[in-house]
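Only one structure is covered here, and it is reproduced in the block below.
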Amino acid sequence: MNLADYLPTVPDFPQPGVAFRDISPLLASPAAFRFAINTLATLSDRFHFDALAGIESRGLVFGSALALQLDKPFTMLRKPNKLPPQIHRLRYTLEYGEDELQIKSDVLSPKARVLIIDDVLASGGTAIAARELLMAAGDPVAAALFLLEIEALGGRARLSEHDLPTLSAVLG
């Protein structure tokens, strides 16, 4: 099965010049979704980790399904004002604006080695912010795992500069 067949590109969304990859067809196909999670599980075998952290919003879908399959704890890296106190937060800059990630302070065991999960690796800014946030919360980061990597945007190289090993299921 070719997962790229289930991830069509929507040009100029959410703004001109951005090529959005739509995961809706993948999620609508139980076989494709199962294959995606199994593929991510196989890739995750390369890393030693205790828990998973999914980046909002689409990383929550893949991360929670993968955590369930691997029987590992899962935590959410959310956008502002979606988690009750106590939280850790981190503001960061992207190619086209600023954003913030938050994590509950008391969800993971102290010093849990975390595998970051998200749907798309583009330029790497959100994954770097996720790493910094987890480390500030006291949790070392083992690696980052993505469903899709857009190679032309250089995210993997940027993550390697931050000592963040990275794998993806689909290259695009």
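Count charges around Gly59 for me, please; just the other residues with Cβ under 10 Å from its Cβ, Lys/Arg as +1, Asp/Glu as -1.
The answer is -2.
In Å³ and rounded to a whole number, note down the convex hull volume per residue for the Cα atoms of the chain.
Each residue corresponds to 110 Å³ of Cα convex hull volume.
Taking trypsin sites (Lys or Arg not before Pro) that fall in a DSSP loop and have at most 13 other Cβ atoms within 10 Å as cut points, what is the longest piece of the chain between them?
That would be 112-172.
How large is the charge dipole for the chain, taken about the Cα centre, if only the Cβ atoms of Lys, Arg (+1) and Asp, Glu (-1) carry charge, to the nearest 20 debye?
Roughly 400 debye, rounded to the nearest 20.
What is the dipole size for segment 82-166, taken about its Cα centre, with +1 at each Lys and Arg Cβ and -1 at each Asp and Glu Cβ, in debye to the nearest 20?
The calculation lands at about 340 debye.
So with the 1.4 Å probe, I'd like the accessible area per residue for segment 43-172, rounded to whole Å².
Heavy-atom accessible area per residue stands at 46 Å².
How big is segment 108-158 by the Kirkwood estimate over distinct Cα pairs, in Å?
11.3 Å
Treating the Cα atoms of segment 44-146 as identical point scatterers in vacuum, please give the log10 of the normalised Debye intensity I(q)/I(0) at q = 0.10 Å⁻¹, two decimals.
Calculated log10 I(q)/I(0) at the listed q: -0.23.
For the pair Arg34 and Thr9, what calculated FRET efficiency results from E = 1/(1 + (r/R0)^6), where r is the Cβ-Cβ distance and R0 = 25 Å, to the nearest 0.05?
0.60
If you restrict to DSSP beta bridges whose two residues both lie in the chain, what percentage is antiparallel, to the nearest 5?
Counting only bridges with both partners in the chain, antiparallel ones make up about 40 percent.
Can you tally the net charge around Asn81? Count Lys and Arg as +1, Asp and Glu as -1, for every other residue whose Cβ sits under 11 Å from the Cβ of Asn81.
Surrounding charge for Asn81 is +3.
Keeping the other protein chains in place, figure out the carbon and sulfur percent of the accessible area of the chain, with a 1.4 Å probe.
53 percent
The values are calculated or read from the model by the stated rules, or taken from the named source; none is laboratory data. All values derive from a computational prediction rather than experimental measurement. Neighbour counts run over all protein chains shown; Cβ positions are idealised from the backbone, glycine included. The accessibility values were calculated without ligands, DNA or RNA, using every heavy atom of the protein model including side chains. Shrake-Rupley method; radii C 1.70, N 1.55, O 1.52, S 1.80 Å.
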